[in-house]
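The values are calculated or read from the model by the stated rules, or taken from the named source; none is laboratory data. All of these numbers come straight from a predicted model, not from anything done at the bench. Positions of Cβ are generated from backbone atoms using ideal geometry, with glycine treated the same way; all protein chains shown enter the neighbour counts. The accessibility values were calculated without ligands, DNA or RNA, using every heavy atom of the protein model including side chains. Shrake-Rupley method; radii C 1.70, N 1.55, O 1.52, S 1.80 Å.
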Amino acid sequence: MTSAQPVNDVVSSQPEAGWMSSAEIAALAQVQRPVVTNWARRHDDFPRPVERAGSRLLYDGGAVLGWLLRTGRGNAPASTLEAELALHTLTAGLNFLSGTELVEVLTALICLQHHDGGSLTDSDAADLVERARFLDPEDTFLRREIEHAASLGSALPLLTRQAEALTEGAYNAADALDWVLNARRRLHADDLATTAVLPQVAACMACLATAHAPDTAAIANPDCGVGDLLAAAQALADADDVHTYLASDRHESAVRLTRRRILVRGVFAYDMDIAQGDLPPLDSIDAHTPVALLAALPYTPAESRDTGAALERVGDLVGDIQGPFTAVILGPADALVHSLAAHSAADQLRRAFLTGGRLKAVVTLPGGVLPYYPGYRTALWVLSHGPGVPRTGRLLTIDLSGRELTSAVLDALIEDVDVWRQSGWRGDVAHNTRAGAILAVADLDRRPGFPLMPLGSTLADRYSRQAQERPVRIAAAEVRYNALADRARTEHETVGPLRVRTAARPDGEGMRRTTVGALIRTKRLRKVNGHRIAAEHLTAQGHYAVIGVEEVAGVRPVGSRRIDRDVFIGGYEHAAFTEPGDIVVTANPSFGAYVDEEGLSVVAFPARILRIRQDAERPLRPRALAALLRAAAAENRRTRGAVRAARKIEEYHIPDLAPDEAADYEATLADIARRVALLREQAAALEDLEHLTAAGIADGTLTIRTN
């Protein structure tokens with residue numbers, strides 16, 4: 001093991017495109033940030049830092065890549081490391097540009113190379129400016145950004161190399177530009193990140209809006225930000241589609257970025273109209289041209305949010321469309337789905353959407369859909385109108401507010417809306433959805449201010465296997481609990497009541513004391529470190545139980561995390577298992593000790609093992625030692641404001657019990673543990689009964705009958 005590279009020995013030079021911070025190395029290798037520090041400390045061949053930027057050390061990205069490929073360390077697949085390297089080496093540009101400027105310049109360089117096909121690194125500043133002026137004479141999307149880059153002098157080669165590396169790593173300009181925008185939060189370009197929508201939600205919205213749009217449809221995106229929704233819609237287009245792309249934003253920098261983002265995706269300038277200010281007028285579109293409208297209403301803080309204004313904005317967006325359209329609008333949940341004051345202006349406006357027949361589906365989403373505002377609760381509206389789309393008087397409502405937005409959940413949402421659309425927006429058994437419920441608009445209209453959310457369970461929920469099997473599982477839990485209760489009564493009658501039989505120690509009888517460190521030095525105890533287990537290697541069905549901090553602390557039951565035999569033995573150096581009687585301990589976030597009675601488990605770092613040496617002259621007892629360690633930890637707990645506990649585990653003072661006394665204490669603790677285990681089994685059976693019954697009562701599939 002070697003010490004960390006001294007800061008004053010850092011090699012200093014001019015900024016390079018391939019430089020990476022420790023955080024970027026961790027992101028590249030898909031490990032936690034402290035792992036990189038450990039690599040630098042423990043491995044002589046780990047690359048030396050090449051520059052110090054404030055408190056950050058920067059490393060040569062190529063050298064780091066070579067080290068990762070050579071040693072096989074990290075969790076990233078070797079086949080993708082080289083392509084990903086370009087994405088994780090953007091930090092060096094922050095030495096002379098703000099985060100927003102860096103994003104603007106890099107995307108402009110990528111767009112320039114895409115359109116004229118010329119090399120960036122082989123051109124000097126004057127050549128780049130000339131190319132930009134030829135390509136963008138009216139300065140609508142990249143000329144000023146290229147001129148700004150050219151004015152940076154010696155920093156320009158860094159930016160051109162970075163732009164070319166990004167394009168080569170992504171294999172095309174569109175993905176390279178998206179990579180830069182996806183990193184805008186990490187590059188501190190927060191003003192470009194405020195409108196960002198989760199990529200999977202943006203793709204879902206685009207699919208809902210364009211699923212049935214013909215190849216000549218107009219795709220509109222007001223308040224487009226940097227074009228997340230517009231780019232998601234274009235990604236779904238076929239090569240022979242001739243869509244018209246309409247968008248707007250009040251910020252000129254966002255408009256220019258969106259233009260670059262769409263242009264590099266192969267859309268011609270005459271097929272797009274992206275304007276600063278208001279959306280290009282939709283009523284100017286031919287009345288027979290279908291429109292797919294995507295919109296995310298601008299965020300406003302809760303204390304100044306006006307539900308009526310949000311609903312008026314929706315009306316403004318769809319009210320000008322003369323021809324057939326489908327609109328998918330993301331907005332605040334308190335305006336789109338939550339309860340409103342009865343007969344208020346907002347309530348009347350929302351009910352007008354219902355009774356007017358344009359609102360077809362409402363989806364309540366979980367928090368975090370706008371990553372910059374994680375506490376912002378949002379919802380989707382799907383509106384549609386056109387020939388063959390009758391005013392059915394029905395509304396599809398889906399509540400995903402408590403669901404993680406996985407690909408399976410979003411795919412089911414898309415399928416539900418598609419089934420709803422294919423049925424002509426009419427609810428019937430033949431077109432039942434998998435989630436949510438179809439509500440009658442007349443019922444909602446009679447209940448002013450009522451939330452637009454599903455009530456009770458859907459038919460799919462009622463007749464799912466889970467609901468059908470619930471009574472059987474309840475009966476099994478009852479049988480299990482009653483059997484455990486009979487076993488507890490039998491043991492009580494056979495073994496008798498619990499008697500600890502404690503007594504006051506005589507005043508003259510001394511107590512020998514020792515420390516954990518002394519027990520280790522005298523070879524009565526051995527310390528064994530845990531393994532650093534990669535998160536992707538943990539499963540619920542592996543061969544060996546994994547015991548880590550969460551298991552020792554009681555947060556997670558032992559055995560809930562497991563690892564496969566081949567993965568552990570083949571992928572981890574010095575693979576070792578626990579032995580029966582090993583004590584697994586952890587000091588952070590608080591002290592915990594767990595006795596592994598059966599052994600053959602894997603301990604995950606930072607947890608570690610205290611192993612009793614049975615060949616010692618006075619062997620320790622595992623349960624007794626664990627209990628004494630917990631008592632010592634309670635006396636040395638970390639105080640408020642302190643980083644660490646008062647003493648290390650090795651410094652804990654504990655009684656050194658005589659063999660007979662230790663054996664009696666061990667037997668008492670074993671009796672207590674046996675009774676605790678039985679009580680926990682009973683409690684688990686009762687919790688299952690409570691959970692299953694509550695789930696059935698809540699979704700309307702069960703009832704309670706006392707006779």
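Values as computed for the structure displayed
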| read-out | value |
| --- | --- |
| Check on L359, open to solvent by less than 20 Å² (accessible area, probe 1.4 Å), out of contact with any Cys (no Cβ under 8 Å at 6 or more places or on another chain) and touching a residue at least 40 places away in the same chain (Cβ under 8 Å) | no |
| Pair list, Cβ under 6 Å, 6 or more apart: the range 486-501 residue under 15 Å from A673 (Cβ atoms) and open to solvent by less than 70 Å² (accessible area, probe 1.4 Å), other residue at pLDDT 85 or above and not aromatic (F, W, Y) | A488/L678; V500/T668 |
| Helices (runs of 4 or more DSSP H) contained in the range 167-228 and holding at least 3 residues in contact with a Pro (Cβ under 6 Å, 6 or more places away or on another chain) and open to solvent by less than 20 Å² (accessible area, probe 1.4 Å) | none |
| Subset of the range 527-558 (residues that are surrounded by 14 or more Cβ atoms within 10 Å (Cβ to Cβ) and in a loop (DSSP other than H, G, I, E, B)) | G530, I533, A534, L538, G542, H543, G548, R556, V558 |
| Selection count where residues are surrounded by fewer than 21 Cβ atoms within 10 Å (Cβ to Cβ) and closer than 23 Å to G227 by Cα, scope the range 298-311 | 4 |
| From the options E635, E651, E681, residue that is without any contact (Cβ under 8 Å) to a residue 24 or more places away in the chain and open to solvent by 30 Å² or more (accessible area, probe 1.4 Å) | E635 |
| Some residue of the range 329-344 being within 22 Å of V291 (Cα to Cα), surrounded by fewer than 21 Cβ atoms within 10 Å (Cβ to Cβ) and at pLDDT below 95 | no |
| Subset of the range 116-151 (residues that are in contact with a helix residue (DSSP H, G or I) (Cβ under 7 Å, 6 or more places away or on another chain), in contact (Cβ under 8 Å) with a residue 40 or more places away in the chain and surrounded by fewer than 19 Cβ atoms within 10 Å (Cβ to Cβ)) | T121, T140, H148 |
| Filter result (at pLDDT 80 or above and open to solvent by 30 Å² or more (accessible area, probe 1.4 Å)) within the range 429-438 | I438 |
| Test result for G402, assigned to a loop (DSSP other than H, G, I, E, B) and on the phi > 0 side of the Ramachandran plot | no |
| Pairs where the first residue, in the range 264-280, is farther than 19 Å from A108 by Cβ and the second is part of a strand (DSSP E or B) and aromatic (F, W, Y), C-beta under 8 Å, 6+ apart | D271/Y245; D273/Y245 |
| Number of the condition not met by T522 [criteria: (1) closer than 29 Å to E681 by Cα; (2) loosely packed, with under 15 Cβ neighbours inside 10 Å; (3) among the hydroxyl-bearing types (S, T, Y)] | (1) |
| Residue among V603, V584 that alone is open to solvent by less than 20 Å² (accessible area, probe 1.4 Å), assigned to a strand (DSSP E or B), under 17 Å from L538 (Cβ atoms) and without any contact (Cβ under 8 Å) to a residue 60 or more places away in the chain | V584 |
| Qualifying residue in the range 289-297 (condition: in contact (Cβ under 8 Å) with a residue 24 or more places away in the chain and surrounded by fewer than 17 Cβ atoms within 10 Å (Cβ to Cβ)) | no |
| The range 137-189: number of residues that are under 36 Å from the mean Cα position of the chain (by Cα), among the charged types (D, E, K, R) and closer than 18 Å to E252 by Cβ | 2 |
| Where I398 falls short, out of the listed (1) under 18 Å from A327 (Cβ atoms); (2) at pLDDT below 90 | (2) |
| Flag for E579 being among the acidic types (D, E), in a loop (DSSP other than H, G, I, E, B) and in contact (Cβ under 8 Å) with a residue 24 or more places away in the chain | yes |
| Leading residue by the ranking (farthest from L142 (Cα to Cα)) among those in the range 233-260 that are assigned to a helix (DSSP H, G or I) and open to solvent by 50 Å² or more (accessible area, probe 1.4 Å) | A235 |
| Filter result (touching a His at 6+ places or on another chain (Cβ under 9 Å) and modelled with pLDDT of 90 or more) within the range 141-172 | L142 |
| Pair list, Cβ under 6 Å, 6 or more apart: the range 241-257 residue touching a residue at least 24 places away in the same chain (Cβ under 8 Å) and within 13 Å of A275 (Cβ to Cβ), other residue open to solvent by 50 Å² or more (accessible area, probe 1.4 Å) and in a loop (DSSP other than H, G, I, E, B) | S248/D278 |
| The range 456-472, subset at pLDDT below 75 and among the aliphatic types (A, V, I, L, M), residue surrounded by the fewest Cβ atoms within 10 Å (Cβ to Cβ) | L459 |
| Neighbours by Cβ (under 8 Å, 6+ apart or cross-chain): first from the range 182-203, within 15 Å of Y376 (Cβ to Cβ); second assigned to a helix (DSSP H, G or I) and open to solvent by less than 60 Å² (accessible area, probe 1.4 Å) | T195/D228; T195/A254; A196/D228; V197/M205; V197/D228; V197/L229; V201/L410 |
| Test result for G319, more than 22 Å from A442 (Cβ to Cβ), free of Cβ contacts under 8 Å to residues at least 24 places away in the same chain, out of contact with any Gly (no Cβ under 8 Å at 6 or more places or on another chain) and surrounded by fewer than 19 Cβ atoms within 10 Å (Cβ to Cβ) | yes |
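Residues are listed down the side, and each one gets a yes or a no for (1) crowded, with 17+ Cβ neighbours inside 10 Å; (2) modelled with pLDDT under 85:
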{"site": "G375", "(1), (2)": "no, no"}
{"site": "L383", "(1), (2)": "yes, no"}
{"site": "E415", "(1), (2)": "no, no"}
{"site": "G424", "(1), (2)": "no, yes"}
{"site": "G427", "(1), (2)": "yes, yes"}
{"site": "A440", "(1), (2)": "no, no"}
{"site": "P454", "(1), (2)": "yes, yes"}
